Amino acid sequence: MMKNVIYGKPDHFLVVAGAILLNRTGKSNNNRKDESLYQFEKTSELIKTGIFKYIRHPLYSSLIFLTWGIFLKNPDFHLLFVSLISTAFLYLTARCDERECIEFFGNEYVEYMKRTKLFIPFLL
């Protein structure tokens, strides 16, 4: 049963894989003084391996997949509205995050953006 929970859903995989890599590879430290960032977001190394080799925002992707999965399981107008709004907000949040990353990592992040997709590997 546990295998199905962790490996059976793409949104679970993305959030778990992203969180593990942020913790292990990102080398979180307090050099980033931005108070709006959580500790795990204060990475000092750009992560370009694992799921981050294919998409820049696996944690946001997992939330998008979860929202649309709930809607597809029980289609109704209210859930469609919530799915559209949450997707829009997550997109805007990802773009703000990318501005912060460009400011901190510079051209290295710009080059990384050219090689990876925003939310869905090989598509978007």
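In table form, for the structure just shown:
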| item | result |
| --- | --- |
| FRET efficiency, residue 54 to residue 95 (Cβ-Cβ, R0 22 Å, nearest 0.05) | 0.75 |
| Area accessible to solvent at residue 100, 1.4 Å probe radius, in Å² | 60 |
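The values are calculated or read from the model by the stated rules, or taken from the named source; none is laboratory data. Bear in mind the structure is a predicted one, so any value in this text is a computation, not a measurement. Backbone-built Cβ (ideal geometry, glycine too); neighbour counts: all protein chains shown. Accessible surface is based on the protein model in full, side chains and every heavy atom, while ligands, DNA and RNA are left aside. Shrake-Rupley method; radii C 1.70, N 1.55, O 1.52, S 1.80 Å.
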